[in-house]
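Asker: Before I ask anything, let me first share the structure, which is written out below as structure tokens.
The values are calculated or read from the model by the stated rules, or taken from the named source; none is laboratory data. Fair warning: this is a prediction, and the values are worked out from it, not measured in the lab. Cβ: placed from backbone, ideal geometry, glycine included. Neighbour counts: every protein chain shown.
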């Protein structure tokens, strides 16, 4: 084929032009190959992240919902999702579909948990000791509290540097006054006589001054824990135990537990360790450096928690380690926390071996009862106590912030938080009403009690008194003072031991439900079938695929696709312009040659063909080269994996590394796109060439 | 032209005939009258020269005869066909099958070797099998004395050799007419003479009609017909 030979020789003859077009084509093809491979691999891994964490393949929720379900969306406001009425019926109908493996009821919300500070915890312990009349323990706790208060007072001077404006100065003055009052010997001498007054003073005035008071922001998913753990194969208990079937219980997401519940200094040390393990140096990294600075600044978080014996022990160890035998504990702590690359690992060990056992490492311990305060759907505050059984993680997604954002709790507790009423609550209400005259009821609880048990909402449960429910409902008021403590235990003890049947669980509040499929590849068909099923059976639910259900996260993938398509288009355009220009120039240069061909009897079509053969040869040749380059890159990436540098990537990658796969059709698409681009960009110059008149052959060579 | 028996014969056998041919170009705002009413005939097997100084219109005339251009008025008949009446496509076909071109600057395809260059018009014609093509190309290259330069690219050949390749290319399709535009202008006089001798030789043995433009007196000495042009008009016609 002479045309091909001419094309090839022309390609070889005009090196510069060939180089320009070649580089463009190779890069273009490689980019398309890499882009396609990465994105579809990303899509797959993300699918496994999203599907495997909470979403399942399909989510169903009420078709009367005013908002769209967005499981990973930012926690702003409460979306109007309504609830799934008659969940058992919905589940039964959905599970009748041959491709549906399981339907897991869910509801998600968020709440702020006030993790009381160290002083609060000690005071609560003191109250317990008083109630039990344990004199020795009372004495011990009293000493500890007194030590903390004194430490707070001496540390107040250090705060002065940070408080500059007048309001802050005022605050500081009142703080100093209060602390001075609390550390007076007379206050402690007269402590037992004026026990109640002293306690209240400490609880209400002094405890809020402690620095480590913090809120924990919790996102929780109420679900059938048993079904959840069985159907999400990545689920694994890390600490503690699984919530027994049918019981009320709370499981922290391991990540939330380590990042939000842990002592801030320990948490930062963990972060630093992670960074150093990843090869980052403290000296060069701003963020890690800031963590060190924060730790040094917040050394009081440790100091306040150390009582007499503990502070002696810690001071001794630190003094020895730092070689400052006469150092004050506060100075020792500060210089100890000023870690650098050389001493970090040793100090990290000392921290966990010596200091950690003396302080409260996690504000909520496994086995504690967590009191969650949330705004119910009717708009009032409610508090619900629930035992923390343990922490869980999703295997392969351990470090993913998004996948690890949901803490799990049972449906019953969720219902209470949501504002639904069960028989227990009505009984509590009754008890409350009975005791109304003698129990001090705070504003919050009053609203809770008065409006919480909306009888209309509770209709289905009517007339089915819970046998295990307590009619006494005592100690309701303790909620007000102790958000996180054993304070609520007396009231909930029996509730917490109640085992609920599947039937009862189903009557909880179900806002949405995850549908786990047997064959994920039939997602779209199943989705359509479930939709029509809901319509024909009048289930009143709408079904969305995991991509839609995961809201922004799912859209992120769409954005990535758009970016890929856009960049391919841009490359296409740039190639079009550059190749077009070079080819137009080539046409000009070859005017006489083309004229000669025409004079010799070559038709216009022949000239057109000549150019197109040339450009498609170029496109195909370099396209293949680029394809191999891209494929090589992807194969290499596929074997070694692309590391997830941060937690968001971790979620997207569905694990610590993304192992992209490359499909033959992706390579062919890339080649097709690039050859099309090259050929398209030659159309105009080829047409121009075909219009060169044969007379041009006569032009003289000057 | 007289009405002698030879003259009549010549007219009857004219392979190219020009009837009051005019050709105007528009160059900017002015009309250039390149050919201003020319009539003559060229008989089959002639070795005809169109002579004249630069700008006299000889190249224009050659283009008209070579069917790469059509007249503004008048008629050009090539092998009996009026070129003004033919479509672009038909003209292309006419050039492909009946005409051969030799250019002043040789106009070989730079990226192809001698063999490929000569073979090219046969490929354009199509319908000739590989073996026959090869035979014809080899025979032509042998005839022009380049049998051992088949694989040489134009860049590797001398001017004379390039023009020989061009002659082979023009003749390989057995055209009725070969048009040569100042074929010796880019060659030294000795080589030029050899090229003229070669063309004359082919004219004699193959009876191919040659029409060339030139202002080289040595070339004109070989011509059987000479049309001298000045300012777009034939001022002298020698048989």
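Asker: Could you identify the single residue in A:28, A:56, A:66, A:52 that is at pLDDT 85 or above and over 30 Å from residue A:678 (Cα atoms)?
Answerer: Checking each option against the conditions leaves just A:56.
Asker: Hey, can you tell me all the residues within region A:24-54 that are touching a helix residue (DSSP H, G or I) at 6+ places or on another chain (Cβ under 6 Å) and either within 14 Å of another protein chain (Cβ to nearest Cβ) or more than 30 Å from residue A:405 (Cα to Cα) (or both)?
Answerer: A:24, A:25, A:26, A:28, A:29, A:30, A:32, A:33, A:34
Asker: Here is a check on your reading of the model: is residue A:549 touching a strand residue (DSSP E or B) at 6+ places or on another chain (Cβ under 6 Å) and buried (at least 20 other Cβ atoms within 10 Å of the Cβ)?
Answerer: So residue A:549 passes the test.
Asker: I would also like to ask the following. Would you be able to say whether some residue in region B:56-77 is within 18 Å of the chain's Cα centre (by Cα), assigned to a strand (DSSP E or B) and modelled with pLDDT of 90 or more?
Answerer: Looking for residues that are within 18 Å of the chain's Cα centre (by Cα), assigned to a strand (DSSP E or B) and modelled with pLDDT of 90 or more, one finds at least one in region B:56-77, hence yes.
Asker: Please work out which one of (1) outside any loop (DSSP other than H, G, I, E, B); (2) touching a helix residue (DSSP H, G or I) at 6+ places or on another chain (Cβ under 7 Å); (3) within 30 Å of residue B:81 (Cβ to Cβ) is the condition residue B:175 fails and give its number.
Answerer: Here residue B:175 meets the rest and fails (1).
Asker: Return the residues of region A:14-23 that are loosely packed, with under 13 Cβ neighbours inside 10 Å and within 13 Å of chain B (Cβ to nearest Cβ); say none if nothing qualifies.
Answerer: The answer is A:15, and nothing else.
Asker: Can you name every residue in region B:87-128 that is in a loop (DSSP other than H, G, I, E, B), within 7 Å of another protein chain (Cβ to nearest Cβ) and touching a residue at least 60 places away in the same chain (Cβ under 8 Å)?
Answerer: B:103, B:104, B:105
Asker: Sort out which residues of region A:598-634 are touching a residue at least 24 places away in the same chain (Cβ under 8 Å) and within 30 Å of residue A:657 (Cα to Cα), and write them in order of number.
Answerer: A:623, A:624, A:625, A:626, A:627, A:629, A:630, A:631, A:633, A:634
Residue by residue, here is whether (1) at negative phi; (2) in a helix (DSSP H, G or I); (3) surrounded by fewer than 15 Cβ atoms within 10 Å (Cβ to Cβ) holds:
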{"residue": "A:176", "(1), (2), (3)": "yes, yes, no"}
{"residue": "A:180", "(1), (2), (3)": "yes, yes, yes"}
{"residue": "A:187", "(1), (2), (3)": "yes, yes, no"}
{"residue": "A:197", "(1), (2), (3)": "yes, yes, yes"}
{"residue": "A:202", "(1), (2), (3)": "yes, yes, no"}
{"residue": "A:218", "(1), (2), (3)": "yes, no, no"}
{"residue": "A:229", "(1), (2), (3)": "yes, yes, no"}
{"residue": "A:233", "(1), (2), (3)": "yes, no, yes"}
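Asker: With the checklist (1) away from chain B (no Cβ under 14 Å); (2) in a helix (DSSP H, G or I) in hand, flag the one item residue A:598 doesn't pass.
Answerer: Here residue A:598 meets the rest and fails (1).
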